[in-house]
Structure formats: structure tokens, C-alpha cells
Amino acid sequence: MRKIFFSDLDGTLLNDEKQITPATRKALDAWMDAGNIFVFSSGRPTGSVKQVATAEKMNHENFYIVGFNGSEIFHPASGKTLLHKALSIEDATRVFEIATKLGVYVHAYNQNDQILIPREGEEIDFYHRSIHLESVVLPDYPLGLTEGPTKCLGINLENQGKLESLAEAIQAEMGDRICCLKSNPFLLEIFNKSAGKGQAVKDMAEMFHVSLHNTLAAGDEQNDISMLEAAGTGIAMCNGNPIVKASADVVTTLDNNHDGLLPWVT
């Protein structure tokens, strides 16, 4: 029966050179040729995931992208966005106010693959090392927002406790509408609670009339947990966060540099 495989990118499907290894890529092509669906599911902006897909020549009809931690579902072969869930301007504004009070840098994203930043600085310089999208300074941020951003992102490069404090403050005030999860020690993902990687698993399974039992998901970080728990088979990378391993059905034997996912797509 048809299956859907959802895979995180960094630390999971991609090796440390940010590439899919040849053996895994060959298996992915065979997986999709057999009628199964393969999904890049990432916290990255959809535009950044598209760049990875282009570099890897992922243009199969059965290939899809889940970006922004499940806030957007995109089909590259048709160029169509199948699902989009954004924050409201009001909630994004309040997030920025709370972050400013706590001394945490926060930026947002629009639907034109742009990063909307309050200022230049070390945070956006750090982010641009891996995410190569245009950034636009909004001097009156967040008043310059003209649409609800797909997500916001908090960045703190020194005192990591500040990200936890920001998450706690946002959840205390807007926890019925907003979800906060760390995608690595320096980044706090802030997105619509109706989204999330786990919800994207359910959304796509429903779209394609695939039983959740026939879905698989693989990841390595905190923002992958909902996806691993929602899928029929949740796969944690052996190089992943211990809390992710504890949430998975299985843990890979090999890491992301040594075709760790290969047994699951063959």
C-alpha cells in the first residue's frame, strides 16, 4: 500500500555537508517510483527547503515539501501551495513586544520567501550561514508587517535561558494560539498552534487517503517530536537529541553521515 515518509533535513536526511548521500538518494528515487510519497519536513522556511530540493534535483511527482514547522505544504512539481497557516499580525506584534522586553532577537517571514528583520546584527549573520534567503529590515518592526507571518523565530547566541524564558512567556499569554519549540540550541520556532510537523503528517495523510499506519517520520531535534509521535513509525537519528530518541519507535543504527535512513526506504 502507498506510504508517506516525512524526513527532517539537518542532522537527519542531510549529512554534515548539507547533502543527501548517493546511496540514500538512489533509495529515495526507488521509493517514489514505486508510488510512495517522500516529504522534506523542515523548520526551515519553504524557500530555503526549495533551494535544497533544487540542489538535489528533487523534482519527482511524488515529492513534497513541508516548511515552517508544518505551517506550509508545497508541491514542487506543480508549483502549488497546498496548505498555509500563518500567525496573525496582532500575535506576531505581541511576540515581538515580549521578546524585546526579554532582550531576545526575533524576526518573521512573509510569503515572498523574505526574512523580515528588526535590525542587522550577529543573529541574522548567524542565521544566514545556513539559510540563504533575502532579509529585509523593517525599521518600524513590527508595524511594517502587512500580512500575518508564516512564523517568527527567536535567536539567542549566548544566554540560552533567554529562549526558554521567551517560550514560557509566549505560551503563558498565547498558548491557545501559538506553539514554541527549539529546533537547535540557538533557535526558537514560534508558529501557529494549528500547524506543527505532527499536524502536517495528519494533514497529508488525509489529503492522500493514506492511513497513519502507513506513514513514517524521521528526525533528530525537539521540533520533530510531534511528527515522530503522529506517524505510524517514528524514527529518531542515533545522533539526535536524547528526548527525541525517547519519543521514537526506533532509533537508527547509523548517523546522518552514514545513510542512517537507508534501511527505512529500501
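At R0 = 25 Å, how high is the FRET efficiency between F126 and K26 if r is their beta carbon distance? Nearest 0.05 is fine.
Numbers: r = 34 Å, r/R0 = 1.37.
Efficiency for this residue pair is about 0.15.
Considering all alpha-carbon pairs of region 136-175, what whole percent are spaced by more than 12 angstrom? If you can, show how the numbers build up before the last one.
Numbers: 549 of 780 pairs.
Above the 12 Å cut-off, region 136-175 has 70 percent of its Cα pairs.
For region 36-154, count all C-alpha to C-alpha pairs, find those more than 16 Å apart, and express that count as a whole percent of the total. Walk me through the numbers before you get to the answer.
Working: 4237 of 7021 pairs.
In whole percent, the share of Cα-Cα pairs in region 36-154 beyond 16 Å is 60.
Can you give the translational diffusion coefficient of region 1-46 in µm²/s, computed by Stokes-Einstein from the Kirkwood radius over Cα pairs at 20 °C and 1.002 mPa s? It would help to have the intermediate numbers written out before the result.
On the way: Rh = 11.4 Å.
Translational D for this selection: 189 µm²/s.
Mind pulling up the Rg/Rh value for the chain? Radius of gyration and Kirkwood radius, both on Cα. List each step's numbers first, then the result.
On the way: Rg = 17.7 Å, Rh = 18.5 Å.
Rg divided by Rh gives 0.96.
Which value, in Å², gives the accessible area per residue of region 163-253 when a 1.4 Å probe is used on the protein heavy atoms? Before the final figure, lay out each step's value.
On the way: 3660 Å² over 91 residues.
Ligands and nucleic acids excluded, the result is 40 Å² per residue.
Per q in 0.14, 0.30 1/Å, what log10 I(q)/I(0) does a Debye calculation on the alpha-carbon atoms of region 158-198 return?
After summing over all Cα pairs, the log10 values are -0.29, -1.05.
Among DSSP beta bridges whose residues both lie in the chain, state the antiparallel percentage, nearest 5. If you can, show how the numbers build up before the last one.
Working: 24 of 47 bridges.
Bridges in the chain that DSSP calls antiparallel: roughly 50 percent.
Considering only DSSP states other than H, G, I, E and B, which GluC sites (Glu not before Pro) in region 104-203 qualify as loop sites with at most 12 other Cβ atoms within 10 Å?
Passing both the DSSP loop test and the Cβ count: E120, E158.
Report the calculated FRET efficiency for L138 and E61 (r = Cβ-Cβ distance, R0 = 41 Å), to the nearest 0.05.
0.60
Greater than 29 Å separation of Cα atoms is the criterion. Which listed pairs, K26/K182; K3/K245; K57/K202; K18/K101; K57/K193, meet it? Display every interim value, and only then the final one.
Numbers: K26/K182 32 Å; K3/K245 23 Å; K57/K202 27 Å; K18/K101 36 Å; K57/K193 32 Å.
With Cα atoms farther than 29 Å apart: K26/K182; K18/K101; K57/K193.
With a point put 7 Å past each Cα toward its Cβ, work out how far N184 is from Q171 in nm, to one decimal.
Simple spin-label model gives 2.3 nm for this pair.
Consider just the alpha-carbon atoms of region 112-189 and return their Rg together with their Dmax, both in angstrom.
Looking at region 112-189, its Cα Rg and Dmax stand at 13.0, 33 Å.
Ratio of Rg to Rh for region 51-91, alpha carbon only, Kirkwood? Kindly include the intermediate steps, with their values, before the conclusion.
Values: Rg = 12.2 Å, Rh = 11.3 Å.
Radius of gyration over Kirkwood radius for region 51-91 works out to 1.08.
To the nearest 10 degrees, how steep is helix 46-55 against the longest Cα principal axis of the chain, on a 0 to 90 scale?
Long axis of 46-55 versus the principal axis of the chain: about 40 degrees.
Round to the nearest 0.05 the FRET efficiency obtained for Q111 and T253 when R0 = 51 Å and r is the Cβ-Cβ distance.
Once the sixth-power term is evaluated, E becomes 0.80.
How high is the relative contact order of the chain, in percent, counting Cα pairs under 8 Å that sit 6 or more residues apart? Write down the numbers at each step before the final one.
Details: 568 pairs, mean separation 55.0, N = 266.
This gives 21 percent for the chain.
Could you look at the chain and say what percent of its accessible area is carbon and sulfur, using a 1.4 Å probe and all protein chains?
51
Please report, to two decimal places, log10 I(q)/I(0) for region 133-227 at q = 0.12, 0.13, 0.24 Å⁻¹ as given by the Debye formula with identical point scatterers on the Cα atoms and no solvent.
Each listed q maps to, in turn, -0.50, -0.58, -1.28.
List the residues, sorted by chain then number, that are 5 or more residues from L116 or on another chain and whose placed amide H is less than 5 Å from its amide H.
A108, Y109, N110, V136
The values are calculated or read from the model by the stated rules, or taken from the named source; none is laboratory data. As the structure is a computational prediction, the values presented were derived from the model and not from experiment. When we count neighbours, we look across all protein chains shown, and the Cβ atoms used for this are built from the backbone with ideal geometry, even at glycine. Accessible surface is based on the protein model in full, side chains and every heavy atom, while ligands, DNA and RNA are left aside. Shrake-Rupley method; radii C 1.70, N 1.55, O 1.52, S 1.80 Å.
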